[in-house]
Amino acid sequence: MYSSTSNASKIVGKHFYRRDPAVVAVELLGQKLVRMYEGTRLSGIIIETEAYYGRWDPASRAYRSFRGDLAQTLYGEVGHALVYGVHGQWLLNVVAHVDGDGGAVLIRALEPCEGVEVMKNITGTRNVYMLTNGPGKLTRALMIDKSFHKKPIYTIEHGLWVEEYVKLGPSQIAKSRRIGVSRDLPQELRFYVHGNPFVSKKTSIR
């Protein structure tokens, strides 16, 4: 569906994540998440994200409290993975915030790119559209687990990183309220590539 804007892959640097989580969530769309697994590149284009803030966000892992590992990580070093489990599935977030606040971006869905057959074998799923169309599905397909928690993803050192891939225009991006939260902020903080068949849910506000 996409063609890279450059033949040379460039890792998204730490500075990229030192901004408002909503801005980071939008600009992560079109970038490539890469996992090096047993010598094979497993990757997908990020096509759905959600932004979360700190203790003033009712859906945040740090809501009203700095206690606990997840809350402290949310306020910690930007560009680090924040991984936690929900309903037996791992969810991958990237810590992103301005100085003095907390925040993170949840990676909700990918368009599979490299290592698709390996992903199918890992998950037992033959339908490519069902491989990575949800936050728990994508971590399973790319073998991402708690071992990546607090690891920087702006380096290849730990086998998980984000590469620059394509730049999307405003007309390509849709937004909606965040999914599966009981209390939410008034603004729409879920972003995805409009019309992409790999998103987890199609509801949009243009």
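FYI, it's all coordinate maths here, none of it is from the lab. Bear in mind that the values here come from a model prediction, so they are computed numbers and not experimental data. Cβ: placed from backbone, ideal geometry, glycine included. Neighbour counts: every protein chain shown.
Points worth noting:
- When the stretch 30-55 is filtered for residues that are surrounded by 23 or more Cβ atoms within 10 Å (Cβ to Cβ) and either among the aliphatic types (A, V, I, L, M) or closer than 11 Å to Ile107 by Cβ (or both), the ones remaining, listed by number, are Leu33, Val34, Leu42, Gly44, Ile45, Ile46, Ile47, Glu48, Thr49, Glu50, Ala51.
- Test: residue in the stretch 166-179 that is more than 22 Å from Tyr52 (Cα to Cα), surrounded by fewer than 18 Cβ atoms within 10 Å (Cβ to Cβ) and touching a Ser or Thr at 6+ places or on another chain (Cβ under 7 Å): yes
- Inclusion of Gln31 among residues that are polar (S, T, N, Q), in contact with a Ser or Thr (Cβ under 8 Å, 6 or more places away or on another chain) and touching a residue at least 40 places away in the same chain (Cβ under 8 Å) is not warranted.
- Pairing each residue of the stretch 110-126 that is within 12 Å of Arg140 (Cα to Cα) with any residue that is among the hydroxyl-bearing types (Ser, Thr, Tyr) and surrounded by fewer than 16 Cβ atoms within 10 Å (Cβ to Cβ), provided the two are 6+ apart or on different chains, yields C-beta distances under 8 Å for Val118/Thr40.
- Of the residues examined, Ile144 is one that is of a type in the set (Val, Ile, Thr), over 20 Å from Tyr192 (Cα atoms) and surrounded by 21 or more Cβ atoms within 10 Å (Cβ to Cβ).
- Which listed residue, of Gly85, Gly100, Gly76, is assigned to a strand (DSSP E or B) and either out of contact with any Phe, Trp or Tyr (no Cβ under 6 Å at 6 or more places or on another chain) or free of Cβ contacts under 8 Å to residues at least 60 places away in the same chain (or both): Gly85
- Residue in the stretch 35-42 that is touching a residue at least 12 places away in the same chain (Cβ under 8 Å) and either in a loop (DSSP other than H, G, I, E, B) or within 17 Å of Ala25 (Cβ to Cβ) (or both) present: no
- Being free of Cβ contacts under 8 Å to residues at least 40 places away in the same chain and among the acidic types (Asp, Glu) is a property that Glu164 lacks.
- Taking the conditions (1) buried (at least 17 other Cβ atoms within 10 Å of the Cβ); (2) out of contact with any Pro (no Cβ under 8 Å at 6 or more places or on another chain); (3) not charged (D, E, K, R); (4) not in a helix (DSSP H, G or I) in turn, Leu92 satisfies each one other than (2).
- Residue satisfying condition, being under 17 Å from His80 (Cβ atoms) and either part of a loop (DSSP other than H, G, I, E, B) or hydroxyl-bearing (Ser, Thr, Tyr) (or both), within set Tyr165, Tyr129, Tyr154, Tyr192: Tyr154
- All positions within the stretch 110-126 that are in a strand (DSSP E or B) and crowded, with 24+ Cβ neighbours inside 10 Å: Leu110, Glu111
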